[in-house]
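A quick write-up on the structure given underneath.
The values are calculated or read from the model by the stated rules, or taken from the named source; none is laboratory data. All values derive from a computational prediction rather than experimental measurement. Note: ideal-geometry Cβ built from the backbone for every residue, glycine included; neighbour counts use all protein chains shown. Areas reflect the complete protein model, heavy atoms only, side chains present, ligands, DNA and RNA absent. Shrake-Rupley method; radii C 1.70, N 1.55, O 1.52, S 1.80 Å.
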Amino acid sequence: MRYREIILNIPKEIAEEFTDFLDEIGVAGYYEILFDREVPRAPDEEIISDDTKFRVYLAEEDRENETKLLIFLKATAGESFYWEARWIETKEYEEAYKEFYKPFTVGTYRVIPTWEKETAASTTPEGILPLLINPGLAFGTGHHETTRLVLGRMGYLSLNGKKIADVGTGSGILSVAAAKSGASKILAVDIDPNSVRSATFNRDENGIAPGQMIVEEGGFDHEAVQNENWDLLIANITFAVLKANIQKIASIKTDHFLFSGVITERKEEFLELLKDRLGGEGIHFLEDTGWELIEWKRKG
Ligand code: SAH
């Protein structure tokens, strides 16, 4: 059987409405490609771009939905979407979802797509912790430099028995890593409901108890994030979001912070902000193709 594959670029702000629409009309399949891009990032471009790529699959005889999709996008996005359609064979469709996600090692962790868990988990070398991740509709496949920077650093921190808040958890990848490293309690929050669903799914896939890794919708002002004591706060979020939330970040009861998602051009401004609002100093820095990892200690 053949499928119609529609490759789309749509504004990020309509992505949720779009997936609701896809669920409603019922398509053969779809997925969002989050940051596996063919074009390199522009020097001043931040982590989340304004549009997002989708692939939608329709059954061969389903011509009606192709028209519905086009009408939906014209009505909600006007001219600001890109559309390309082609015929593919069944096998391609089944493999398409998986072509971007292959197991890979970052520091002491091995990121394994959930659909490869049977084969890949058993071949993970001694001392390497497998993280089973299905990125679904959330950010956090592990491919992005900022995620890799945090995962790389986490392997050097002693997380055993620690309490960790992960704000902007996306797929939950960093929280899953913390749990695998023995953190006793992790609170993973995200303002995006898709991320909450995705992080919950990934937690369960990894056999992590819901009491060890709590996933909830929210941001820096989430009640428990603000009111409980944390050994470490992790936030892989853009500079703009960190800056806008700096007062809320400062009031979190922790002395240890791991930030990523800040581009090199904003590093100095961010460090000034931290010095001014949090106090303390940077204790570890790492850069990867224009992205900065900043580990901060409030007091010695
Ligand atoms: N932690 C994951 C995902 C990082 S992407 C990783 O390291 O790969 C950043 C995430 O932050 C996105 O899922 C986005 O929905 C979320 N986010 C953006 N602004 C936020 C805010 N103000 N509060 C909480 N989460 C936010």
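Here are a few things to note about the model shown:
- Filter result for Leu131 (open to solvent by less than 40 Å² (accessible area, probe 1.4 Å) and part of a loop (DSSP other than H, G, I, E, B)): no
- Scanning the stretch 85-103 for residues that are exposed (fewer than 14 other Cβ atoms within 10 Å of the Cβ) and either hydrophobic (A, V, I, L, M, F, W, C) or modelled with pLDDT of 90 or more (or both) turns up just one, Trp87.
- Those residues of the stretch 147-158 which are open to solvent by less than 10 Å² (accessible area, probe 1.4 Å) and over 15 Å from the mean Cα position of the chain (by Cα), in sequence order: Met154
- Filtered residues of the stretch 212-230 (kept if assigned to a loop (DSSP other than H, G, I, E, B) and within 11 Å of the ligand (Cβ to nearest atom)): Gly218, Gly219, Phe220, Asp221, His222
- Count of the stretch 231-274 residues, restricted to those that are away from the ligand (no atom under 13 Å from the Cβ), open to solvent by 10 Å² or more (accessible area, probe 1.4 Å) and in a loop (DSSP other than H, G, I, E, B), is 3.
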